[in-house]
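Q: Below you will find the structure I want to go over with you.
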Amino acid sequence: MKCKRKARFSSHFRVPVNFGKAKGTKKMEINLPPYEIKWREQDGRRQIFDVLRRKYVALTPEEWVRQHFVHFLTDHKGYPKGLLANEVELRVGEKKLRCDTLLYSKALQPQMIIEYKAPDVDLTQRVFDQISAYNLLLHVDYLVISNGLQHFCCRMDYERHTYTFLREIPPYEEL
């Protein structure tokens, strides 16, 4: 499922942010629009507020991407917060897996799986294999991966046993 196409967003920004312990600053540029970030420091570690889980979570590079991407979907693409969920557990026998973000349809059926990586992690075939494994269980219409710099979205066609990479993440009303 490799493809060179990616969704492009016009907003680049560079934000000084501490990941993990409150020492040092790592500048990170991501290809997602900014939003009003709520964060705090607890026990010497930075935390960021997750609007879907309604709690503060550890601020890691992957979480930084997740929070920006969720806000991009809700604020710019019209995705309802009530139909999105972060860290959704899946089970295969005794094995537990976790989807980073799942979008549900209005009928509360899984519709889109979103997998995030840190900006310094390349979106390789392994990442596509990971999200494809989740989809074996969920059979969603859309798969999305992002490292904050590159974003890939594909629409599944189960009748033809194919998928199509889209030029951009579709607005909610077009799903």
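Q: As an exercise, identify the chymotrypsin sites (Phe, Trp or Tyr not before Pro) in the range 56-162 lying in DSSP coil whose Cβ has no more than 10 other Cβ atoms within 10 Å.
A: Hits after loop and neighbour filter: Tyr158.
Q: For an R0 of 22 angstrom, estimate the FRET efficiency from the Cβ-Cβ distance between Val51 and Thr124 and round to the nearest 0.05.
A: Efficiency, rounded to the nearest 0.05: 0.15.
Q: Continuing with the same structure: By how many nm would the segment from Lys95 to Ala133 lengthen if fully extended, with 0.36 nm per residue of separation less the alpha-carbon distance? Walk me through the intermediate numbers first.
A: Details: separation 38, 0.36 × 38 = 13.68 nm, distance 1.25 nm.
Additional length available on full extension: 12.4 nm.
Q: Report, to the nearest whole %, how much of the accessible area of the range 44-153 belongs to carbon and sulfur atoms, 1.4 Å probe, protein only.
A: 49 percent
Q: Rolling a 1.4 angstrom probe over the protein heavy atoms, how many square angstrom per residue are accessible across the range 36-84?
A: So the range 36-84 comes to 50 Å² accessible per residue, rounded to a whole number.
Q: Figure the gain on full extension for Glu174 and Leu108 (residue separation times 0.36 nm, minus the Cα-Cα span) and round it to one decimal in nm.
A: Details: separation 66, 0.36 × 66 = 23.76 nm, distance 1.71 nm.
Roughly 22.0 nm would be gained on extension.
Q: I would also like to ask the following. Calculate, for Trp39 and Tyr158, the FRET efficiency according to 1/(1 + (r/R0)^6) with r their C-beta to C-beta distance and R0 30 Å; round to the nearest 0.05.
A: Values: r = 41 Å, r/R0 = 1.35.
Calculated value: 0.15.
The values are calculated or read from the model by the stated rules, or taken from the named source; none is laboratory data. Since the structure is predicted, the reported quantities are computational estimates derived from the model, not experimental observations. Glycine also receives a Cβ, built like all others from the backbone with ideal geometry; neighbour counts cover every protein chain displayed. All accessible areas refer to the heavy atoms of the entire protein, side chains included, with ligands and DNA or RNA removed. Shrake-Rupley method; radii C 1.70, N 1.55, O 1.52, S 1.80 Å.
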